[in-house]
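Student: Provided herewith is a single structure, encoded as structure tokens, for subsequent inquiry.
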Amino acid sequence: MKYGYARISDKSQQIATQVEQLNKYGCDAIIEEQINGKAKEKKLYELIKTMKKGDMLVATRVDRLGRSTLQLLKMIDELEKRGIGIVILDVGMDTSTPVGKALLAMLSAFAQMEYENNKIKQKNGIDAARRRGVHLGKKGNFNKTQLEEAIRLYQETELSLTQIENLTSVSRATLYRHMQMRGIEKNRMPVVEQHNRR
């Protein structure tokens, strides 16, 4: 069975185009979802749990299934072990074909590069914070300097919220609260949290 998955990140976007493309591809069922901020793709993961061997998961673009190459590859690996294929329409990737497997290998190479680049960014952020005298202690124990540093890192770097928390001891809730008090918009692009190599 072919399951289509369409996702938008806010109400201003139109999901109809994705649904139309998935219908044209011949999907038997289409799941639609709206995700805000760093919320998890709940319907997508619920769908994946119910899929069976021989099923196909279809999306219009790579970024509809994962917010990073690493996240996407982890999903593909899990599905392949269960005998489930993935089709991504805009890049013509079908993991059940030789060409699709070649594209998957390329994605893997990009994922490794992405992983290494994020490690470098994190190290540079830590080094910069230490040079500014920011204490890298436990969350919740922070001073005004650390709060200012957290806001600066959020606005000027690509560090994830978890990385900023670890660097400054300022929790994301506290960071958002103080940003709201100052009228600072939460308008940065979402950064996927990085973990150990998956």
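Student: Among helices (runs of 4 or more DSSP H) lying entirely in the range 25-132, which contain 3 or more residues that are buried (at least 17 other Cβ atoms within 10 Å of the Cβ) and modelled with pLDDT of 85 or more?
Tutor: Output list reads 42-50.
Yes/no matrix, rows are residues, columns are (1) outside any loop (DSSP other than H, G, I, E, B); (2) among the charged types (D, E, K, R); (3) at pLDDT 80 or above; (4) farther than 27 Å from Gly66 by Cα:
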{"position": "Leu136", "(1), (2), (3), (4)": "no, no, no, yes"}
{"position": "Gly140", "(1), (2), (3), (4)": "no, no, no, yes"}
{"position": "Gln146", "(1), (2), (3), (4)": "yes, no, yes, yes"}
{"position": "Glu149", "(1), (2), (3), (4)": "yes, yes, yes, yes"}
{"position": "Glu158", "(1), (2), (3), (4)": "no, yes, no, no"}
{"position": "Ile164", "(1), (2), (3), (4)": "yes, no, yes, no"}
{"position": "Leu175", "(1), (2), (3), (4)": "yes, no, yes, no"}
{"position": "Lys186", "(1), (2), (3), (4)": "no, yes, no, no"}
{"position": "Pro190", "(1), (2), (3), (4)": "no, no, no, no"}
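The values are calculated or read from the model by the stated rules, or taken from the named source; none is laboratory data. Computed from a prediction, not measured in an experiment: that's the story for all the values here. Quick reminder, even Gly has a Cβ in these numbers, built from the backbone with ideal geometry, and neighbours come from all protein chains shown.
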